[in-house]
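Data first, discussion second: the structure below is written as structure tokens.
The values are calculated or read from the model by the stated rules, or taken from the named source; none is laboratory data. Remember, it's a predicted structure, so these values are computed and weren't measured experimentally. Cβ: placed from backbone, ideal geometry, glycine included. Neighbour counts: every protein chain shown.
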Amino acid sequence: RKEVEQDPGPFNVPEGATVAFNCTYSNSASQSFFWYRQDCRKEPKLLMSVYSSGNEDGRFTAQLNRASQYISLLIRDSKLSDSATYLCVPGGSGSARQLTFGSGTQLTVLP
Amino acid sequence: DAGITQSPRHKVTETGTPVTLRCHQTENHRYMYWYRQDPGHGLRLIHYSYGVKDTDKGEVSDGYSVSRSKTEDFLLTLESATSSQTSVYFCAISEPSRGGGGYTFGSGTRLTVV
């Protein structure tokens, strides 16, 4: 079973829309989670860290449901600049806290 | 942004030649990582380091070696490059003790093996 599963999309939404991505994880012991965004041909960049039930930063809200083992990312009032691939990543527990990345969910915000 | 640079940014090399990619950080982060990214595979861990001279293999380590003689530098060597190693290589750093745990990535090295 994969460590994390995400709908690959693509999600195509109009500017101003609210969009949500869900991510399920297999390791119930995971204590932390990260959302990264990756623009085409660029490096991934950390968007949000989630250590408890959730986190909010402006238009972005991450929620964690430990009982169901899923984490979601909500983007409100989508901007064209939000177009990217979004990666859900459980925190690592190895000697260097190494992370395992999936392929992410592709979002395109349309004008 | 954290100071992390990768060099070279782009490289074309011939099959069978050794290639070394460099990752340099100015943040004094303890952990460093090398990933490769290919279409349809996401980021895959090649090798990682949890301190000077402390390194270990990731899921796709065959054909690669690493060295970390200083905190700030983590070198990835393709011992004898093959076409299957054509990829984008990302270095990342992390320092969970500073309240983070997430990574900061370098800008990547695009390697083409012909």
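What to note about this one:
- The C-beta contact set for segment A:27-41 (first residue more than 21 Å from B:F90 (Cβ to Cβ), second residue in a loop (DSSP other than H, G, I, E, B) and of a type outside the set (S, T, Y), distance under 8 angstrom, 6+ apart or interchain) comprises A:N27/A:E3; A:S28/A:R66; A:S28/A:Q69; A:S30/A:G91; A:Q31/A:G91.
- Failed item in (1) part of a strand (DSSP E or B); (2) of a type outside the set (F, W, Y); (3) at pLDDT 90 or above, with A:S49 passing the rest: (3)
One line per residue, one yes/no per condition, for (1) within 18 Å of B:I4 (Cα to Cα); (2) surrounded by 20 or more Cβ atoms within 10 Å (Cβ to Cβ); (3) at pLDDT below 95:
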{"residue": "B:S69", "(1), (2), (3)": "yes, no, no"}
{"residue": "B:D73", "(1), (2), (3)": "yes, no, no"}
{"residue": "B:S83", "(1), (2), (3)": "no, no, no"}
{"residue": "B:F90", "(1), (2), (3)": "yes, yes, no"}
{"residue": "B:E95", "(1), (2), (3)": "yes, no, yes"}
{"residue": "B:Y103", "(1), (2), (3)": "yes, yes, yes"}
{"residue": "B:G108", "(1), (2), (3)": "yes, yes, no"}
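- Odd one out for A:S30 among (1) within 14 Å of another protein chain (Cβ to nearest Cβ); (2) loosely packed, with under 15 Cβ neighbours inside 10 Å; (3) among the hydroxyl-bearing types (S, T, Y): (2)
- From the options B:S69, B:S107, B:S49, residue that is closer than 25 Å to A:R41 by Cβ and either touching a helix residue (DSSP H, G or I) at 6+ places or on another chain (Cβ under 8 Å) or not aliphatic (A, V, I, L, M) (or both): B:S107
- Those strands (runs of 3 or more DSSP E) lying entirely in segment A:61-111 with at least 2 residues within 30 Å of B:R30 (Cα to Cα) and at pLDDT 90 or above: A:70-75, A:84-90
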